[in-house]
Amino acid sequence: MEQQAKEIERQECDVLVIGGGPAGTTIAPLLAAKGYRVVLLEKARHPRFHIGESLLPANLPLFERMGVAEEIKAIGMEKWGAEFVSPHHEMAQCFHFADAWDKTMPYAYQVKRAEFDTILLRNAGKKGVEVHECCKAKTVDFLPDNSGAVIKAQHDDGREFTWQARFVVDASGRDTFLANRFQIKHRNPKHNSSAIYGHFSGARRHDGQAAGNITIFWFEHGWFWFIPMMDDVTSIGMVTWPYYMKTIGERNIEQFLIDGIAMCSALAERLKDAKLVNKVEATGNFSYVSERNHGQNYLLLGDAYAFIDPVFSSGVLLAMNSGVLGAEAIDTCLSKPAQAAAALKRFDALMKHGPKEFSWFIYRVTNPIMRDFFMFPKNIFRVKEALLSVLAGDIFGKTPIWRSIWMFKLLYYIANIIQPKRAFMGWKRRHFNIRPVEVPPVYNA
């Protein structure tokens, strides 16, 4: 009888998706709509807290495609622009998405991820995906004949399941399930930071349409995000370098965050009447990349493949877009095996495109010359419009921004040649910031 019970739990599916975040809940219903049997495993019970609340205008067409646009609108704080505040410049600079090259995507949303992710997960279930919450993937064994894999998982109540899938999708986010298994995940040597974050009520927002704008505050040891959301909740996060994390000493991370805020006068002013409303959390080893994003019978999507500094709020867009790309690739692999190699090659190229384009700016945004470009943007050769298109996430479509982006980069390099001492000091400071430093364990408050 015991053996028979175990056999009942053994099932087959076409695609098994590990993770119920934006990447997993995008690819799963798209594949289900094509007639595949799709199983999705999510280790938590939604709603659950998650960071990464700021979305980009390019997300909105994806919401329409997924059929969740109205639900997201109901929970979202409209975000019409992104503001940058520098201690080295007298005036703040706000970029309005309506001024981007494509004028049809003038705003985005700020969302509580617990609500946002729940909408996407429930949508997957409605669209025919077999969703298992509180069910954690334990092992994946790829079959020697390349016909798929056997995945073992366990529910929180101890029940064990085994699936045989033709294709496996790792959308496990920062858990990086397959990358850890294959030992192909590496810290990004070009960026090395940690984040400490919490939710506040009573933060001072801008008036009118600008109330929902994200603000990025640079300070001596990194930068802060200020993300207004519905119901008087504002997400505040400090992204900082290892050497500064080492100074935490005997402080808990809540006090460390509060002390950091005090060092940024512009942010402290907007939080002078604010109160912390949740538990402060921290995450280290913030940026990483995996050696590959696919194999013959598997894909790595979103943060399961790579994570870059979130200064431009690209995470959810890159995750959902990877789900769209992944669905196209898997459909080709399963329905037209002769075209599988070409489909996976295209998937690989497009997966690398997004992080590459955002990273070029992220790696240089601490350079004082790049700061000047951001704080005093000019539209010569339409470079401001193109830059705004990147900030809006409009980098995967047909918007013809790339000649102007090339000109922006050329102007930046020329400015560095003209100001060699300033450029060198910026380069030197960056390498000082990202150098590896042994950081003591960080405990939640």
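The values are calculated or read from the model by the stated rules, or taken from the named source; none is laboratory data. Here the structure is a predicted model, which is why all the values come from computation and not from measurement. All Cβ positions, glycine included, derive from the backbone under ideal geometry; neighbour counts span all protein chains shown.
Is there a residue in the range 214-237 that is in a helix (DSSP H, G or I) and either modelled with pLDDT of 95 or more or of a type in the set (Phe, Trp, Tyr) (or both)?
No, the range 214-237 contains no residue that is in a helix (DSSP H, G or I) and either modelled with pLDDT of 95 or more or of a type in the set (Phe, Trp, Tyr) (or both).
Would you say Ser86 is assigned by TED's automatic domain parsing to the domain that holds Phe396 and under 26 Å from Gly208 (Cα atoms)?
yes
Tell me which of these Lys136 doesn't satisfy, since it passes every other one: (1) modelled with pLDDT under 95; (2) closer than 21 Å to His46 by Cβ; (3) among the basic types (Lys, Arg).
Exception for Lys136: condition (1).
Search the range 111-129 for residues that are in contact (Cβ under 8 Å) with a residue 12 or more places away in the chain and under 22 Å from Phe226 (Cβ atoms) and pair each with any residue that is of a type in the set (A, V, I, L, M, F, W, C) and in a loop (DSSP other than H, G, I, E, B) when their beta-carbon atoms are under 7 Å apart and the residues are at least 6 apart or on different chains.
Hits for this filter: Val111/Leu55; Arg113/Ile51; Ala114/Phe49.
Across the range 281-305, which residue is farthest from Glu220 (Cα to Cα) among those that are at pLDDT below 95 and among the hydrophobic types (A, V, I, L, M, F, W, C)?
Per the criteria, the residue is Val289.
Only residues that are closer than 19 Å to Glu53 by Cα and of a type in the set (Val, Ile, Thr): list them for the range 95-111, please.
Within the range 95-111, Val111 is the sole residue that qualifies.
Show me the helices (runs of 4 or more DSSP H) found entirely inside the range 319-430 where at least 2 residues are outside the structural domain of Asp102 (by TED's automatic domain parsing), touching a residue at least 12 places away in the same chain (Cβ under 8 Å) and surrounded by fewer than 16 Cβ atoms within 10 Å (Cβ to Cβ).
Counting at least 2 such residues, we get 340-362.
Which residue pairs have Cβ atoms closer than 8 Å, lie 6 or more positions apart in sequence or on different chains, and pair a first residue in the range 28-49 that is closer than 19 Å to Thr176 by Cα and assigned by TED's automatic domain parsing to the domain that holds Thr332 with a second residue that is in a helix (DSSP H, G or I) and among the charged types (D, E, K, R)?
Lys43/Asp175; Arg48/Asp117; Phe49/Arg113
Scan (1) of a type in the set (S, T, N, Q); (2) under 25 Å from Glu42 (Cα atoms); (3) under 26 Å from the mean Cα position of the chain (by Cα) for the single condition Ser86 breaks and write down its number.
Status for Ser86: all satisfied but (2).
State the number of residues belonging to the range 245-272 that are surrounded by 21 or more Cβ atoms within 10 Å (Cβ to Cβ) and either of a type in the set (Gly, Ala, Ser) or out of contact with any helix residue (DSSP H, G or I) (no Cβ under 8 Å at 6 or more places or on another chain) (or both).
Selection size over the range 245-272: 6.
Listed residues Glu64, Glu70, Glu78; which is of a type in the set (Asp, Glu), at pLDDT 95 or above and assigned to a strand (DSSP E or B)?
Glu78
Quickly run through the range 291-309 and pick out the residues that are farther than 15 Å from Lys190 by Cβ and either part of a strand (DSSP E or B) or of a type outside the set (S, T, N, Q) (or both).
Across the range 291-309, the qualifying residues are Glu291, Arg292, His294, Gly295, Tyr298, Leu299, Leu300, Leu301, Gly302, Asp303, Ala304, Tyr305.
Got a sec? Which strands (runs of 3 or more DSSP E) wholly within the range 132-211 have at least 1 residues that are under 25 Å from the mean Cα position of the chain (by Cα) and within 30 Å of Trp360 (Cβ to Cβ)?
Output list reads 160-170, 185-187, 194-201.
For Ser147, are the conditions met, namely being closer than 30 Å to Val38 by Cα and surrounded by fewer than 20 Cβ atoms within 10 Å (Cβ to Cβ)?
When the stated conditions are applied, Ser147 passes them.
Every residue in the range 91-106 that is touching a helix residue (DSSP H, G or I) at 6+ places or on another chain (Cβ under 6 Å) and of a type outside the set (A, V, I, L, M), please.
Gln93, Phe95, Asp99, Trp101, Pro106
Out of the range 90-127, which residues are of a type in the set (Gly, Ala, Ser) and within 20 Å of Glu70 (Cβ to Cβ)?
Selection gives Ala108, Ala114, Ala124, Gly125.
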